[in-house]
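As C-alpha cells, the structure follows; a few thoughts come after it.
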Amino acid sequence: MKQGFEIDDIDRAIISALRQNGRATNQQIAEGLNLTAATVSSRIRRMEAANKLRVVAVSDFRAHGHNVLLEVAIEVDNRAATDVAEELAELPEVFAAHLTTGRYDIDLLVVLGSIDELPDLLMNKFGRIRGIRSMIPAITVDIVKYQFDVAPIEAREV
C-alpha cells in the first residue's frame, strides 16, 4: 500500500465521525457524509495501513483499578537520559515517558492503585535504576483536560 498519501477532507470527515462515535459502522458514517460504506471502509483501511489512523478504545484509569495519577520529573546524572527513560518505561506503572529539555531530563506519567504504593515505586523500583539523580513526584488532584481526539504519538523506532 502506498504510504506517502496525504489525508484529504473526506478522510478528515471520516476521522471526525469516528471521534464523535468510535462504534459507528461504516454504513452510519457513510450516510452522514453522503458516501458509500465501501468508500468509508477502503479509506479507513488505507489510513490504517499508512499509520495515519488507529481506532482504539480509551478507558478511564479507575476502570483498571488506578486511583492515583502522578507526574514525576527526573534529573539524570552519569548516564544517558535515553537509557534511563527506556528502563523506566518498562515498569507497568509508567504509561508515558518523555525526554525533555529544561531543569529535568525525563517526565513520566504514572498510575497507581493507591497512594500507599508510592513509597515502593519511588524507593524500590525507581531507586534501583542507575543514573537517577533526583525525582520530583507531583500527585494529580484533578484532571482538567484529558483529550484523545488527536493522533496518538507513536513510540520512536529503535
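Every read-out reported here was derived from the displayed coordinates using simple, explicitly stated rules and does not represent laboratory data. Remember, it's a predicted structure, so these values are computed and weren't measured experimentally. FYI the Cβ positions are ideal-geometry reconstructions off the backbone, even for glycines, and counts take in every protein chain you see.
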Worksheet item: Each residue of region 133-143 in order: what ³J(HN,Hα) in whole Hz does its phi give by Karplus 6.51 cos²θ - 1.76 cosθ + 1.60, θ = phi - 60°, with x for Gly and Pro?
Response: 8, 8, 9, 10, x, 10, 7, 6, 9, 7, 9
Practice prompt. Work out the length of the dipole vector of region 75-116 about its Cα centre, built from +1 on the beta-carbon of each Lys and Arg and -1 on the beta-carbon of each Asp and Glu, and round it to the nearest 20 debye.
Written response: 140
Worksheet item: Do you know the relative contact order of region 9-49, to the nearest whole percent, from alpha carbon pairs under 8 angstrom that are 6+ apart?
Response: 34
Worksheet item: Using alpha-carbon pairs under 8 Å, 6+ residues apart, how would you state the relative contact order of region 61-139 in percent?
Response: 46
Discussion item. Let me check I've understood the local charge: for Asn78, count other residues with C-beta under 9 angstrom from its C-beta, Lys and Arg +1, Asp and Glu -1. What total comes out?
Written reply: +2
Worksheet, complete the sentence: The exposure ranking of Tyr146, Tyr104, fewest beta-carbon neighbours within 10 Å first, is Tyr146, Tyr104
Worksheet item: So how far apart, in nm, are the two label points at Met135 and Phe5 if each is 7 Å from Cα heading toward Cβ?
Response: 4.6
